[in-house]
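Peer 1: Quick one: this structure, given as structure tokens, is what I'll be asking you about.
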Amino acid sequence: MVLERKINAEDKDLQKTSHVHSFRASPSSRKGFRGLYLFSVNPKLIFEKAGEYTFSFHIKESDCSSYVYSVRVKAQSQVKRWVLVSDMQHAKLSLRVGSHFPPISIACYDVYENRTSFRRVPKLIAKVSTKQGVILFQSETLKSHLLSKCSVITAENILVKSSEVDLIRPGYEAQLTICSKDEPFDVSVPCKVLPGSVDYLNAKPKDFMKHLLPGNVVQELELEVFDAYGNHVKQGSDLSLWMDFIFNRKQT
């Protein structure tokens, strides 16, 4: 007798490959019963992937009709890890301070790498840190909601606010991490956090105007350019400047 097993997996990636396994068994006897066909349990028969398993029993070169039996296997409720399921898993994000990250979709998987359901909406925290682990900013004001029969959670409303972007100059390489407040799970994605647009200038030294005398010439004036959060604006940014000198004459 031949046993054929086929799985209609819930994971779309597994659907792209063949999942038909064939097993053979010869007639045998057990406990006084003869003509039994016994199929031993082996790794290929263990239910590890979630989906619908179909078992077809038939005897080759026989007119006997096949016997078909189906079993639905669900993913375990115990979570092993979180995984990013949006396009940003393969593309590096780049955004400015003062803007929002795009919505981030996260799925959870069991010990057999089956996508399973979130038991509840977890309380999420977003962190952006340097490669050395220095946290540039942290946000707990995230909006999150469940999708796809509770198997995907989407986090959004992550506003980038940091006055520490100078720590990652000039490449501005960082890492966004979404983690749970209550459970030991997180996902990370590389990103670039750029300074915001020009907000104010500082002259160096700040009190240089106090030391000018009639006939003095300002040979060089150094200006520091900052965004609204106190980060130096990105080098190479275009900037239009004008300068006014206001003289206060003392009346005698």
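Peer 1: How much area per residue is accessible in segment 89-131 when the probe is 1.4 Å and only protein heavy atoms are counted (Å²)?
Peer 2: In whole numbers, segment 89-131 has 52 Å² accessible per residue.
Peer 1: Apply the a/c threshold of 1.5 to the C-alpha gyration tensor of segment 58-145 and tell me whether it is rounded, prolate or oblate. Provide the component values of the computation, followed by the final result.
Peer 2: Working: a/c = 3.76, a/b = 2.96, b/c = 1.27.
Cα axes put segment 58-145 in the prolate bin.
Peer 1: May I ask you to order 161-169, 28-36 by the average number of other C-beta atoms within 10 Å around their residues, highest value first?
Peer 2: Top to bottom by mean Cβ count within 10 Å: 161-169, 28-36.
The values are calculated or read from the model by the stated rules, or taken from the named source; none is laboratory data. Quick caveat, the model's predicted, so the values are computed rather than measured. Neighbour counts run over all protein chains shown; Cβ positions are idealised from the backbone, glycine included. SASA here: full protein model, heavy atoms, side chains in, ligands and nucleic acids out. Shrake-Rupley method; radii C 1.70, N 1.55, O 1.52, S 1.80 Å.
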